[in-house]
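Please read the structure below before turning to the comments.
What follows draws every value from the coordinates through simple rules; no lab data is involved. Nothing here was measured: the structure is a model prediction, and the numbers come from that model. Because the Cβ atoms are built from the backbone with ideal geometry, glycine has one as well, and the counts that use them run over all protein chains shown.
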Amino acid sequence: MVLSVVSDGAMRGLDSLGNGLTSPFFEPTLRLGVTGLARAGKTVFITSLVANLLNRGRMLQLEAARSGRLESAFLQPQPDMTVPRFSYEDHLAALTGPKPHWPASTRAVSELRLSLTLQPSGLLSGFQGKRRLHLDIIDYPGEWLLDLALLDKGYETWSQEVLARMPQRTCAKKYLQALGETDPTADHDEVRAQKLTAEFTAYLHASRKAGFYDCTPGRFLLPGDLEGSPVLTFVPLERLETARRRSLWREMERRYEAYKAKVVKPFFRDHFVKIDRQVVLVDALSAIHTGPQAVEDLRLAMGDVLSAFRPGRNGFLTQLLRGKRVEKILFAATKADHLHHQQHPQMTAIIEALTAEARDRAQFAGAQTAALALASIRATTEEMRSHNGQDLPCVRGKLLESGRQSAFYPGALPDDPARLLAPARKGAEAWLGSEYQSMQFAPAELDLKPGDGPPHIRLDRAAEFLIGDKL
Ligand SMILES: Nc1nc2c(ncn2[C@@H]2O[C@H](COP(=O)(O)OP(=O)(O)OP(=O)(O)O)[C@@H](O)[C@H]2O)c(=O)[nH]1
Ligand SMILES: [Mg+2]
């Protein structure tokens, strides 16, 4: 093993010498995790970040780009041979091609290596050659972090918690009915198990659609190539005093434990623990538009997602990390181009408040945190419109559904985020006295100057926070 590492380093070293680079054996790597719940904007963020690091004309807030210290960037084969490569070229072609469209949903882990060549800096810069930094970007679903809580729970406790939530949810009706017709003490029967799993999975999807995030096991929603396998064929069952060895209950318990061992733990071991910097993307505007319950649910989910970054309570993760920790975490509200810039401070205050608890926890664990509102790809332009004698700050873009150009006012976000979060916590059904609209815009057609990446909002600031100190 050691031999192969050395020869790999030597190969890279030889490579580097040709480019006038020094330190042939040491090329540091920074692993940047990009996560967020479904549709938060992970794929678009990575695509635009990479495009804007390759062509840095719009990255003025990234100090190394502005000063020219970041001399070049190029894509390289990634180090992890078994992780799918992030399809950068396909996603970029979708966003910047002649008929721009949003890339398809991805829903699995993927990785991309961007190598950066840097001019030396600091006191000894006159004596040093160029440096190289490998930036490995890892895209993974936020839902997978929610599974961490399962590691501390046995099958019985998990079942009880999941079943306790069901009576209040109409979408659980069919699963509860199927459960009523099931005898958990009977011999395990695969057909029965599959039917129950289909109902349970349908319930999880419906719950997620209704805005609930407590939808473990996370991989049931995003199965990938595990679809139909026994580790994804189990359901919560009512508690039993005693369960026989061959009973349905025992088999479900066995599979639940296998899910933890074969799905949850490997993700944390192979991907999560290697992350140095993390960005958590949040589509807060959509939640605000859906209503107070979605906002409260998002707040709770962010707390759960972030508990992975304060591993003290989880023995397995603490042991895996052995003192290593994520150094920086950025919370970013995505799709800020849906708002006129006058409303961006309010958006930032909301994302700060939404993630306050999670941020406190991360700070407790020693990670530096920040929050901002960004748009990975700016799909709109701004304009003021007069309405009933009032000037409204609007955004204009091509509507995704109709393809028509249209100006849009999403509603006034409050200066004090508590005006949204407090009713959400109290379980309000609707926003009192305010209305929030959300609109889907298509990506704009671009005519990029050489040296410019796609237009964005504050992507350069995000990059400065996440990687600036290493450049
Ligand atoms: N206007 C605007 N819309 C965006 C932006 N980023 C993402 N979106 C919208 O959000 C949708 C989801 O973005 P993705 O990047 O695919 O989100 P994801 O988190 O990778 O989603 P999954 O792969 O399904 O988990 C896109 O299809 C766009 O409609 C942005 O910067 N501006
Ligand atoms: Mg994606």
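By definition, a body whose alpha carbon gyration tensor gives a ≥ b ≥ c is oblate when a/c is 1.5 or more and a/b is not larger than b/c, and the chain fits this oblate description.
Counting every other Cβ atom within 10 Å of each residue's Cβ, THR201, THR170 order from fewest to most as THR170, THR201.
Based on Cβ point charges of +1 for Lys and Arg and -1 for Asp and Glu, what charge dipole magnitude is obtained for the range 152-267 about its Cα centre, in debye rounded to the nearest 20? Show your work: numbers first, answer last.
Values: 20 positive and 17 negative charges, 49 e Å.
Using only the charged Cβ atoms, the result is roughly 240 debye.
If you rank TRP158, TRP249 by fewest surrounding Cβ atoms within 10 Å, what's the result? Can you show the working numbers first?
Numbers: TRP158 19, TRP249 23.
Neighbour counts put them in this order, fewest first: TRP158, TRP249.
Relative contact order for the chain: 19 percent, from Cα pairs under 8 Å spaced at least 6 residues apart, divided by residue count. The number of Lys pairs in the range 152-267 with C-alpha atoms less than 17 Å apart, excluding pairs fewer than 8 positions apart on the same chain, is 7. In this Cβ point-charge picture (+1 for Lys and Arg, -1 for Asp and Glu), the range 403-471 has a dipole of about 200 debye about its Cα centre.
Within the range 152-267, the ratio Rg/Rh, alpha carbon atoms throughout and Rh by Kirkwood, equals 0.93.
If you rank TYR213, TYR436 by fewest surrounding Cβ atoms within 10 Å, what's the result? Please report the intermediate quantities before stating the final value.
On the way: TYR213 22, TYR436 17.
Listed from fewest to most nearby Cβ atoms, that is TYR436, TYR213.
In this structure, the amide hydrogen of GLY33, modeled 1.01 Å from its nitrogen in the peptide plane, lies closer than 5 angstrom to those of ILE138, ASP276, ARG277, GLN278, VAL279, counting only residues at least 5 positions away or on a different chain.
Listed by chain and number, the lysines whose alpha-carbon sits under 26 Å from that of LYS470, ignoring those within fewer than 8 places in the same chain, are LYS42, LYS130, LYS274, LYS324, LYS328.
Run lengths n ≥ 4 of DSSP H only: what is the helix-derived mean residue ellipticity at 222 nm for the chain, with -39500 (n - 2.57) per run over all residues, to the nearest 500? Result for the chain, helices only: -11000 deg cm²/dmol.
Only one residue of ALA210, LEU226, TYR175 has its Cα farthest out toward the positive end of the dipole of the range 152-267, where Lys and Arg carry +1 and Asp and Glu -1 on Cβ, and that residue is ALA210.
Rounded to the nearest 20 debye, what is the charge dipole size of the chain about its Cα centre when +1 sits on each Lys and Arg Cβ and -1 on each Asp and Glu Cβ? Walk me through the numbers on the way to the answer.
Numbers: 60 positive and 55 negative charges, 124 e Å.
Dipole about the Cα centre, nearest 20: 600 debye.
In the chain, taking the dipole from charged Cβ atoms about the Cα centre, the farthest positive-side position among GLN278, TRP249, PRO100 is held by GLN278. What shape does the range 106-197 have by the C-alpha gyration tensor, where a ≥ b ≥ c are the square roots of the eigenvalues, rounded means a/c under 1.5, and otherwise prolate means a/b greater than b/c and oblate the rest? Prolate, since a/c reaches 1.5 and a/b exceeds b/c.
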